[in-house]
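One structure is given below, encoded as structure tokens.
The values are calculated or read from the model by the stated rules, or taken from the named source; none is laboratory data. The structure presented is a predicted model; accordingly, all values stated were derived computationally and were not measured. Counting neighbours? That spans all protein chains shown, and the Cβs are built from the backbone with ideal geometry, glycine included. These area figures cover heavy atoms from the full protein model, side chains too; ligands, DNA and RNA do not enter into them. Shrake-Rupley method; radii C 1.70, N 1.55, O 1.52, S 1.80 Å.
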Amino acid sequence: MNYKAKMLRDGALKGKNIIVTGGGSGLGKAMTEYFLELGAQVAITSRNLEKLQKTAATLSEKTGGVCIPIQCDVREYEQVEAMKDKTLKAFGTIDVLLNNAAGNFISPTERLSANAFDTIIDIVLKGSKNCTLAIGKHWIDTNYKNTVVLNIVTTYAWTGSAYVVPSATAKAGVLAMTRSLAVEWAKYGMRFNAIAPGPFPTKGAWDRLLPGDLKEKIDLKKQVPLERFGEHQELANLAAYLVSDFSSYVNGEVITIDGGEWLKGAGQFNLLEQIPEAMWDQLEAFIRAKKEG
Ligand code: HXC
Ligand code: NAP
């Protein structure tokens, strides 16, 4: 099975101008690369301009597409407005906003300062809100339709999770915003959807979620029924579909791509997989004996 196979036909995103926040690294970079291959023009934004410039140059050369770097801290509304204006100056229009930028690290919540908690909320929730508000209002003001906001959340947006409480709180807010605006702003020709990825190894996430030798001690694959991590192309395929016109009737949805990870943690009797195959005859006999008695 080739998990790296590319899904959409050539030119599927031709004519789409896309903003990817946090597009200089990790999953944002992987999605940007595929969007460019499919013919979109992409503005990648984050705080680190040097990193963005390097990524934009690499991806433009690799794909032959148009990728521009724009520095922007999504926590600052004025910077988001300026980023929007620069994108419009370069591309003329914006068709898609992909809210992918995030901050996160593991910590017992009682060890967090108020500022540490705020920092994550500000990047994830306020940042997604800032970009959505600035670009959404622009679309409304200019009567520009057939637009898409795609938000990257996580499965703990609805389950919650210990030790990443600010991130879980913020992602839950982003998911609520996705579903709320899918209804309220549909009349302006906008669609809102979200992707909830399971574990897709990236340097940014692994350095902060599995620091030091935790990488060797904790095998996240064991939590995944499919017993493997996601390939970046698998996520890029789903994102490309959701920003394309092929998904025109998908609105207000969150699509999980996690190999079944969150459900494995949720099912009450899932732990019975630890029972050896040979023991099931005996267990069945016990159960049948009770019925007969
Ligand atoms: C406790 C910490 C801390 C830690 C920082 N702080 N790291 N507190 N434990 N490990 C505190 C600081 O002391 C400070 O509080 C406050 O947090 C802000 O820290 P700064 O370093 O000043 O913030 P900043 O430079 O803005 O950096 C933000 C960051 C950093 C989130 C801390 O890690 C970052 O830039 N991250 C961006 C990329 C990222 O996080 N990628 C992973 C996404 S993974 P005080 O009180 O001292 O001022 C993801 C996956 C989800 O989301 C699901 C996976 C399955
Ligand atoms: P990553 O490479 O660390 O990506 C995070 C990006 O956000 C970086 O490019 C970073 O760039 C940018 N960013 C951080 N703070 C910012 C700010 N204030 N303003 C603008 N940009 C900012 O990690 P990743 O794994 O690819 O994560 C991408 C997305 O996937 C996130 O939303 C994450 O929550 C989600 N996710 C990942 C996984 C996974 O397994 N990897 C699982 C579930 C969900 P700068 O540092 O240059 O600003």
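The figures follow:
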item: Lys215 accessible area, 1.4 Å probe, all protein chains in place, Å² to nearest 10; result: 80
item: The chain, helix-only ellipticity at 222 nm - DSSP H runs n ≥ 4, -39,500 (n - 2.57), divided by all residues, nearest 500; result: -13500 deg cm²/dmol
item: Net dipole in debye of the chain [+1 Lys, Arg Cβ; -1 Asp, Glu Cβ; about Cα centre; nearest 20]; result: 440
item: Sum of side-chain charges, Thr155 neighbourhood, beta-carbon under 15 Å (Lys, Arg +1; Asp, Glu -1); result: -1
item: Cα convex hull volume per residue for the range 116-217 (Å³); result: 106
item: Accessible heavy-atom area order of Thr169, Thr93, highest first, probe of 1.4 Å; result: Thr169, Thr93
item: Distance histogram for the range 190-229 (every C-alpha pair counted, 10 angstrom bins, percent rounded to whole numbers); result: 24, 47, 19, 9, 1
item: When the range 207-293 is reduced to its Cα atoms, the Kirkwood hydrodynamic radius in Å; result: 17.2
item: Cα-based Rg and Dmax for the range 1-153, where Dmax is the largest Cα-Cα distance (Å); result: 16.0, 50
item: Debye log10 I(q)/I(0) at q = 0.28 Å⁻¹ for the range 8-77, Cα point scatterers; result: -1.21
item: Binned Cα-Cα distance frequencies in the range 37-78 - 5 Å width, integer %; result: 5, 27, 27, 19, 13, 6, 3
item: Over the chain: Rg over Rh, Cα atoms, Kirkwood Rh; result: 1.04
item: Cβ-Cβ FRET estimate between Arg179 and Lys145, R0 fixed at 25 Å, reported to 0.05; result: 0.75
item: For the chain, with +1 on Lys and Arg beta carbons and -1 on Asp and Glu, the positive-most of Phe200, Cys67, Leu263 along the dipole; result: Cys67
item: Reduced Cα scattering model of the range 150-201, Debye log10 I(q)/I(0), q = 0.14, 0.15 Å⁻¹; result: -0.38, -0.43
item: Evaluated at q = 0.15, 0.22 Å⁻¹: base-10 log I(q)/I(0), Debye formula over Cα of the range 69-172; result: -0.66, -1.11
